[in-house]
Amino acid sequence: KNNTTDINVTTLASILEKNKHYHKEGTVADYIPELGKVDPTAISFAIVNSDGKLISVGDRNHKFTMQSVSKIIALMLAVMENGEETVFEKIGYYGTDRPFNHFANLETMGKPLNPMMNAGAILTTSMISGKEDEPFVKILEMIRYITNNPSITYSQAVYQSEKETGHRNRGMFYLMKNTGAITGSEDQLDNYFRQCSIELTAEDLAKIGYFFANECSRYDGDKKYKNNALAKLILSQMLVAGMYEFSGEYARTVGLPSKSGVGGGIVVSVPHGMGIGVFSPALDSHGNSLAGYHMILDLAKKYDLSIF
Ligand code: GLN
């Protein structure tokens, strides 16, 4: 393994420069109308090194919605409250060749394929206790804790846009109500829409990556939630399904537990090492940031970061 402590601003800046053109080959998600309005040229690249040091380049203060990256936090809270066994009685642990919004075997088995696809994430969020928006507030507070950034909040506009147009997600929600997997009201679906609308930066993502890479301890050394078993569970699910149907190819080329969102962010954990956060909103056909993927790939190759 190459020594990663020599990674500096220049290293990241040259990788960013090399790959920023990829935004021209991707497309910004517009199935959520509000997301279609983002600037496709914005790009940022951040790491929290194994010693907890934050390094970032590009539009480092640019905020974007975390979208599906929030699914790892919902999974974390669902497991903390209900235990691993209860969660995975209701949700599968499968990889998939289907897109993130696919119904998959929801109707035939009544069970989402995994917690990284929309159906599974809607279910994990519904397993977090509390009335009305309390489960969402727990997710938000956990993200604020992990990033040590109390200013993080969510975009009302994106939330409304998702709520108005999220008919597939609503369909999944009602199928799971039909099987009894979900028993609550549509507030629970609203919490999923809200968590997807949480806005943060690539730096925040790098801190989240660091947290799961290091047994749920924070980049500044705070160990309030330290839990090796939980971190391993999250990392394994990121590896198997974090990049949706691209996860297998991603494991072959990058080889690191990662989670993408259609807002253009990707969070990466190098187990017992650094956290990486990238952002560029133009996506490939699977819904993963194209320039983001290439920046991660270049860094992973240069420093031989693959876990394999
Ligand atoms: N909010 C998005 C949706 O539900 C999240 C999907 C994603 O980031 N892949 O469709």
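The values are calculated or read from the model by the stated rules, or taken from the named source; none is laboratory data. Remember, predicted model here, so these are calculated numbers, not experimental data. No Cβ is skipped: glycine too gets one built from the backbone with ideal geometry, and neighbour counts run over all protein chains shown.
Here is how the numbers come out for the structure above:
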quantity	calculated
Residue 77 vs. criteria in the same structural domain as residue 14 (by TED's automatic domain parsing), in a helix (DSSP H, G or I) and under 23 Å from residue 153 (Cα atoms)	no
Every residue from segment 1-17 that is at pLDDT below 95, exposed (fewer than 14 other Cβ atoms within 10 Å of the Cβ) and part of a helix (DSSP H, G or I)	5, 6
Output for segment 191-207, where each listed residue is of a type outside the set (Asp, Glu), in contact (Cβ under 8 Å) with a residue 60 or more places away in the chain and within 15 Å of the ligand (Cβ to nearest atom)	191, 192, 194, 195, 196, 197, 198, 200, 205
Options 100, 64; residue that is more than 13 Å from residue 121 (Cβ to Cβ) and within 13 Å of the ligand (Cβ to nearest atom)	64
Qualifying residue in segment 206-228 (condition: more than 28 Å from residue 280 (Cβ to Cβ) and in a helix (DSSP H, G or I))	yes
Residues within segment 18-40 that are surrounded by 13 or more Cβ atoms within 10 Å (Cβ to Cβ) and either farther than 14 Å from residue 67 by Cβ or outside the structural domain of residue 281 (by TED's automatic domain parsing) (or both), tallied	9
Odd one out for residue 87, checked against (1) free of Cβ contacts under 8 Å to residues at least 60 places away in the same chain; (2) within 16 Å of the ligand (Cβ to nearest atom); (3) not charged (D, E, K, R)	(2)
Residue in segment 155-178 that is assigned by TED's automatic domain parsing to the domain that holds residue 100 and away from the ligand (no atom under 16 Å from the Cβ) present	yes
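Conditions (1) surrounded by 17 or more Cβ atoms within 10 Å (Cβ to Cβ); (2) more than 14 Å from the chain's Cα centre (by Cα), marked per residue:
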| site | (1), (2) |
| --- | --- |
| 198 | yes, no |
| 230 | yes, yes |
| 234 | yes, no |
| 243 | yes, no |
| 249 | no, yes |
| 257 | yes, no |
